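So the structure is just underneath, and the comments pick up after that.
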Amino acid sequence: FKGGDTCEYLLSSGRFLGEKVWQPHSCMMHKYKNSEAKNCLIDKHVVFIGDSRIRQLFYSFIKLINPQVKEEGIKHGNIPFEDKSASIKVDFLWYPEVNGSMRQRIKSWAEGSVAKPHIIVVGAATWSIKIHNGSNEALAQYKINITSIAPLLEKLAISSDVYWVLQDPVYEDMLSESRKMITNEKIDAYNEAAVRILNSSSRNSKAKVKVFSVSKLIAQETIMKSADGLHLPESSRDTNAMILMNVYCNKIMKPIDGSCCQPQPPLTLIQKIAFCFFTLSIFGYLIISLIHRNNYRKNKSCTDLESGEEKKPAISTPNVSTLEMLLHCFCKLGLIMTYFYLCDRANLFMKENKFYTHSSFFIPIVYILVLGVFYTENTKETKVLNREQTDEWKGWMQLVILIYHISGASTFLPVYMHIRVLVAAYLFQTGYGHFSYFWIKGDFGVYRVCQVLFRLNFLVVVLCIVMDRPYQFYYFVPLVTVWFMIIYATLAVWPQIVQKKANGSCLWHFGLLLKLICLLTCIYFLSYSQGTFEKIFSFWPLSKCFELNGNVYEWWFRWKLDRYVVFHGMLFAFIYLALQKHQMISEGKGDPLFSNRVSNVLLFISIVSFLTYSIWASSCKNKTECNELHPSVSVVQILAFILIRNIPGYVRSVYSSFFAWFGKISLELFICQYHIWLAADTKGILVLIPGYPMFNVLVSTFIFVCVAHEISQITNDLAQIVVPKDNSTLLKRLLCIAGFFSGLHFFSAMQDQSRH
């Protein structure tokens, strides 16, 4: 709303989320690790000048570089620190008062031949108040001294980063007798003098001393926890040190979740080409629409003046050509992609860090479950995992995953483990659905494959171009795509075994089971052979698709995490269809799936299994160990849910149309959330309306869902045009698509070369 520099906001404003998490106004703060801090400050010299409060900040800062540092330096003296591995020097210089000594030191850097520090952090006032018993003469002298120092600091600010730390408030009730003269009223007077004098003579924006005033806001909330009423508690000074690190390092390291102080990334060559393409599509669509509208008006029915009868022309409705439909889709897509770019690449809208509380996750979950139950309708068919039921399943799972992401619930391990089951369940449906289709239909044609691949990948390919992100960044789509191709390859290779063929002889069923065993063996081998897996996906052109940050480890991790669940989905489909074929299950409306006795036993086992898994997931202590067990045990809760949902006939006969509606656009919802609901590539939250969190979520959610629905419609329309049923036309389109990706690769290579 206000515009301005996010660095300025980071240094001057913000609020606490909970007790310890600081949220700067309008931007996100990155939590720097030791290795990142070292990489940023390599060959740098940092100087802290001031009193004991600045010394506290100095120690918190160097602990970001080396956490093993102990606060053992001389209290009223200089303290050096050096990290030889990264050639980092950080010095604390004891100058508790703004006086001639401090001026002389600063002058030696500003006007002398001494090497200038890269970062200078200065601040002092409480000693002046204490020594002179809070007299007005001391304040007047402080103003004179800071006036003499200000031009030197501004001169240093041309080539170095200079920060003046305003004085934090004190907790007057806890101050010792020797410090009682240090009052908040006096501190405010000293701060006001510093702010008024600093930068008053500077006209050059580059020669400005940055005023570090955010520490005051942090202290106001936490000074009550101070040990002596003067010095900040450790958590608060650590926050100040992290803010300093963000101010200096974000523009160098460019962390995804550190939007403060980061300039807007320049447009890449591919983004510029995409912008031109969408602009031409918009103008092209407008021109064709105007031409068609004019033609339609000319052919519009007119009244015969003599007879008074209405004459109907041959053409009564405007004829929508394939070209017009294509341009219409690209026109809408161009406008939507502009919104994507403005939300998550331009510095137009605010972004904030996530903060998890149990209420922020569980209250929305209860709310959507109540809504889902309210919209209960009868299903058209009562088969196990019928279309309405699978859409409903995808829908509620996707809504839960969205709430999980926006609430930052990944920090709470029991919730994380249950969400992992939901992701696995989506992949289970991939195995179940595609196996069922190929087994029943026996359709292994190119048209079917191209349709599925187009619908899965269209949005992600567009986002890779517009948002300048690698394909593997949207990890779920590559995962589903690869598993679809594995299912296709397993069933399509010789001998092709489908239901029609298997009905003639039971041996074909054993042949299919043999294929599934071979698939399981390959999965098992690759899961315990990381080197082989990485070699396969490191070959060009696969490496272009599956590399992230220069390697395929992320892809290996994502694939391994749910490696068996697609196989489980295929096996379940095979067993279910075999039972259905031999009429061993009852799928009539209101009928239990098996006999009453068997149904009750299976239902009891399913409920116990479901709860047992939940208890195990809730007792998880270590994410790594639980992730190791997850691929083998996630199927327990998935199968338990399927049986609970389908064994009772009355439960199988109804579904939630609310959840099913979201299920039809679940893939678009999952991908779109990266940039227009969340922010900074899912690391933060998009803020369209600052200051009103609930209203902001309502507005951004409404836009997000509408956009996802619209993209689903665009994808379906384009799939009919780009992937026609006619084989010869389809071959031509595939050649065009191959040409498109060749051009994309060429421009990508040019782009990488220019970056290097």
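The values are calculated or read from the model by the stated rules, or taken from the named source; none is laboratory data. Fair warning: this is a prediction, and the values are worked out from it, not measured in the lab. In this analysis, Cβ positions are derived from the backbone assuming ideal geometry, glycine residues included, and neighbour counts consider all displayed protein chains. Each accessible area value is taken on the protein alone, full model and side chains, heavy atoms only, with ligands, DNA and RNA left out. Shrake-Rupley method; radii C 1.70, N 1.55, O 1.52, S 1.80 Å.
Restricting the search to the range 526-548, which residues are touching a residue at least 24 places away in the same chain (Cβ under 8 Å), outside any helix (DSSP H, G or I) and either of a type in the set (Lys, Arg) or open to solvent by 40 Å² or more (accessible area, probe 1.4 Å) (or both)?
Pro541, Glu547, listed by residue number.
Is it the case that the range 437-453 has a residue that's touching a Lys or Arg at 6+ places or on another chain (Cβ under 8 Å) and under 30 Å from Gln751 (Cα atoms)?
No; the residues of the range 437-453 include none that is touching a Lys or Arg at 6+ places or on another chain (Cβ under 8 Å) and under 30 Å from Gln751 (Cα atoms).
Yes or no, residue by residue, for (1) β-branched (Val, Ile, Thr); (2) touching a helix residue (DSSP H, G or I) at 6+ places or on another chain (Cβ under 8 Å):
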{"position": "Ser12", "(1), (2)": "no, yes"}
{"position": "Leu17", "(1), (2)": "no, no"}
{"position": "Val21", "(1), (2)": "yes, no"}
{"position": "Glu36", "(1), (2)": "no, yes"}
{"position": "Ile42", "(1), (2)": "yes, no"}
{"position": "Phe58", "(1), (2)": "no, no"}
{"position": "Asn66", "(1), (2)": "no, yes"}
{"position": "Glu72", "(1), (2)": "no, no"}
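Does the range 40-49 include one or more residues that are among the basic types (Lys, Arg), assigned by the TED database to the domain that holds Tyr142 and in a helix (DSSP H, G or I)?
Taking every residue of the range 40-49 in turn, none turns out to be among the basic types (Lys, Arg), assigned by the TED database to the domain that holds Tyr142 and in a helix (DSSP H, G or I).
If you go through the range 605-642 one residue at a time, how many are surrounded by fewer than 14 Cβ atoms within 10 Å (Cβ to Cβ) and part of a loop (DSSP other than H, G, I, E, B)?
Counting residues in the range 605-642 that are surrounded by fewer than 14 Cβ atoms within 10 Å (Cβ to Cβ) and part of a loop (DSSP other than H, G, I, E, B) gives 3.
Considering each of Thr382, Thr390 in turn, give the residue that is outside any helix (DSSP H, G or I) and of a type in the set (Ser, Thr, Tyr).
Thr382
Go through the range 54-99 and count every residue that is β-branched (Val, Ile, Thr), part of a loop (DSSP other than H, G, I, E, B) and within 28 Å of His132 (Cα to Cα).
Within the range 54-99, residues that are β-branched (Val, Ile, Thr), part of a loop (DSSP other than H, G, I, E, B) and within 28 Å of His132 (Cα to Cα) number 2.
Keeping to the range 454-505, report how many residues are hydrophobic (A, V, I, L, M, F, W, C) and closer than 27 Å to Cys518 by Cα.
19
Any residue in the range 135-149 that is touching a residue at least 12 places away in the same chain (Cβ under 8 Å), of a type in the set (A, V, I, L, M, F, W, C), assigned by the TED database to the domain that holds Phe48 and within 18 Å of Ile49 (Cα to Cα)?
There is at least one residue in the range 135-149 that is touching a residue at least 12 places away in the same chain (Cβ under 8 Å), of a type in the set (A, V, I, L, M, F, W, C), assigned by the TED database to the domain that holds Phe48 and within 18 Å of Ile49 (Cα to Cα).
Looking at Phe695, Phe659, which is the one that is open to solvent by less than 20 Å² (accessible area, probe 1.4 Å), in the same structural domain as Phe476 (by the TED database) and out of contact with any strand residue (DSSP E or B) (no Cβ under 6 Å at 6 or more places or on another chain)?
Just a single option satisfies the conditions, and that option is Phe659.
Return the pairs, sorted by first residue and then second, in which the second residue is open to solvent by 10 Å² or more (accessible area, probe 1.4 Å), the first residue lies in the range 162-191 and is free of Cβ contacts under 8 Å to residues at least 24 places away in the same chain, the beta carbons are less than 7 Å apart, and the residues are 6+ apart or on different chains.
Filtered contacts from the range 162-191: Asn184/Pro169; Asn184/Glu172.
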